[in-house]
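The values are calculated or read from the model by the stated rules, or taken from the named source; none is laboratory data. Note that this is a predicted model, so its numbers are computed, not measured. Quick reminder, even Gly has a Cβ in these numbers, built from the backbone with ideal geometry, and neighbours come from all protein chains shown. We work out accessible area using only protein heavy atoms, side chains counted, and drop any ligands, DNA or RNA first. Shrake-Rupley method; radii C 1.70, N 1.55, O 1.52, S 1.80 Å.
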Amino acid sequence: MAKRALITGITGQDGSYLAEFLLNQGYEVFGLVRRTSTVNFNRIEHIQGKLNLIPGDMLDQTSLQLALQECQPQEVYNLAAQSFVQTSWTQPVFTGDVTALGVTRLLDAIRHVDPTIRFYQASSSEMFGKVREVPQRETTPFYPRSPYGVAKVYGHWITINYRESYDLHATSGILFNHESPRRGIEFVTRKVTYNVAKIKLGMASELRLGNLDSRRDWGFAGDYVRAMWLMLQQDKPDDYVIATGETHSVEELVSVAFSYLDLDWHDFVVQDARFMRPAEVDLLVGDGSKAGENLGWEPEVSFTELIRMMIDADLELLKSGGHAQ
Ligand code: NAP
Ligand code: F7E
């Protein structure tokens, strides 16, 4: 019998890569999708025929319980979230409801429907915020700097609490930034690669950005979903940092991207206060050695390969008359 997995957030960047990965592992894959007035299945339409999509919402406890009863999964991957940091300042309560309390709703549904289900929580390096230690690892104290980061700290601790209170196989992956050609256009890597491609093709003349000094540990989403699966294959639930161990500034990202297409970024980048944040996370760099030792996980795509892969995909998209969604 094939294993069954339920993915919340299957229409997102990570959900689409994880669904592909699990299908390749022979899983029967179920995805929770919320009702929207316009269908937004563009990241999963190429595999939609192989997926079982179930209506539900992280804000609605009953829908989560019904989804679990319908698909009877052995594994649940909770990727659903209001995941854009900047939006979390303008919609802090909504962000807390989905990204924090949503985790409790799902864990509680699991506890009642089938406590043997293995649970993965998408924790985030944003929890480290104003970092207490460099590089950051599983034991580094949290100091979140946005309503999103605060919500993720809640989700992280409620996962540990349900593990300890009810003996659930509940695991948190503390993932550092990971990107891909499927990254939402509002995140800085994709905003850069998409606009560099547009500038090269004569479809845009400038790129407006916020803080160029912040540093991130950027990896490839396709590598990171493999780590999620590996975590749930362990006998014991635990928490793992997933990172490349390298950090780059936004300015370096911009420089690598423009120079790949033989452009000088100084000619096109304009700093714009609208993209500055009320509180910034200045430096993230992860120590993924525990994942290396216990899971045998290592990243395969380098920073430069990632940016080039994203630019190549955006050039192809734009040349074929498409646009970012
Ligand atoms: P994403 O592209 O923004 O996807 C978020 C997903 O959550 C979408 O499928 C979205 O559905 C769904 N969602 C939002 N609100 C929902 C609700 N109320 N009910 C049901 N589904 C809802 O995010 P991602 O980059 O794939 O990240 C996946 C997870 O990892 C998120 O929890 C994120 O916070 C976390 N994370 C991401 C990174 C990263 O660098 N990518 C790093 C660390 C942690 P719609 O399509 O309907 O909007
Ligand atoms: O910003 C700076 C910005 O929005 C990265 C989410 O997946 O990763 C992501 O959160 C940096 C910040 O990602 C612009 O100020 C400059 O310092 O791409 P981002 P993020 O905030 O790091 C973590 C791990 C998650 O968990 C989140 O869900 O880039 N920056 N100028 C800009 N950022 C954006 N978006 N747009 C700009 O114009």
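What to note about this one:
- Residue ID - nearest to T189 (Cα to Cα), chosen from residues in segment 259-298 that are touching a Phe, Trp or Tyr at 6+ places or on another chain (Cβ under 7 Å) and within 16 Å of ligand 1 (Cβ to nearest atom): L284
- Subset of segment 99-116 (residues that are surrounded by fewer than 21 Cβ atoms within 10 Å (Cβ to Cβ) and aliphatic (A, V, I, L, M)): L101, V113
- Filter pass, L212 being outside the structural domain of R118 (by TED's automatic domain parsing), closer than 14 Å to E179 by Cα, touching a helix residue (DSSP H, G or I) at 6+ places or on another chain (Cβ under 9 Å) and open to solvent by less than 30 Å² (accessible area, probe 1.4 Å): no
- Filtered by the rule that a residue be touching a residue at least 24 places away in the same chain (Cβ under 8 Å) and outside any loop (DSSP other than H, G, I, E, B), segment 51-62 gives N52, L53, I54, Q61.
- Out of F119, F84, sole residue that is in a strand (DSSP E or B) and modelled with pLDDT of 95 or more: F119
- Failed item in (1) part of a helix (DSSP H, G or I); (2) more than 21 Å from the chain's Cα centre (by Cα); (3) touching a residue at least 60 places away in the same chain (Cβ under 8 Å), with H266 passing the rest: (3)
- Within segment 30-50, being farther than 27 Å from P92 by Cβ, open to solvent by 20 Å² or more (accessible area, probe 1.4 Å), without any contact (Cβ under 8 Å) to a residue 60 or more places away in the chain and not charged (D, E, K, R) holds for V39, F41, H46, Q48, G49.
- Matching residues, segment 258-286, being open to solvent by 40 Å² or more (accessible area, probe 1.4 Å) and closer than 26 Å to F84 by Cα: F268, V270, Q271, A273, R274, F275, M276, R277, P278, D282, L283
- Residues within segment 52-63 that are more than 9 Å from ligand 1 (Cβ to nearest atom) and open to solvent by less than 20 Å² (accessible area, probe 1.4 Å), tallied: 1
- Residue that is farthest from T159 (Cα to Cα) [pool: residues in segment 221-240 that are open to solvent by 30 Å² or more (accessible area, probe 1.4 Å) and of a type outside the set (S, T, N, Q)]: R226
- Residues in segment 180-209 that are out of contact with any Lys or Arg (no Cβ under 7 Å at 6 or more places or on another chain) and under 17 Å from Q86 (Cα atoms): E186, F187, V188, K191, V192, R208, L209.
- Residue selected from segment 129-154 under the condition in contact with a strand residue (DSSP E or B) (Cβ under 6 Å, 6 or more places away or on another chain) and within 13 Å of ligand 1 (Cβ to nearest atom), by the criterion farthest from F303 (Cα to Cα): K152
- The residues of segment 145-167 that are among the charged types (D, E, K, R), open to solvent by 30 Å² or more (accessible area, probe 1.4 Å) and assigned to a helix (DSSP H, G or I), listed by number, are R163, E164.
- The condition of being touching a Ser or Thr at 6+ places or on another chain (Cβ under 7 Å) and either within 16 Å of ligand 2 (Cβ to nearest atom) or under 27 Å from L230 (Cβ atoms) (or both) holds for only one of Q86, Q82, that being Q82.
- S289 vs. criteria surrounded by 13 or more Cβ atoms within 10 Å (Cβ to Cβ), away from ligand 2 (no atom under 15 Å from the Cβ) and not assigned by TED's automatic domain parsing to the domain that holds F128: yes
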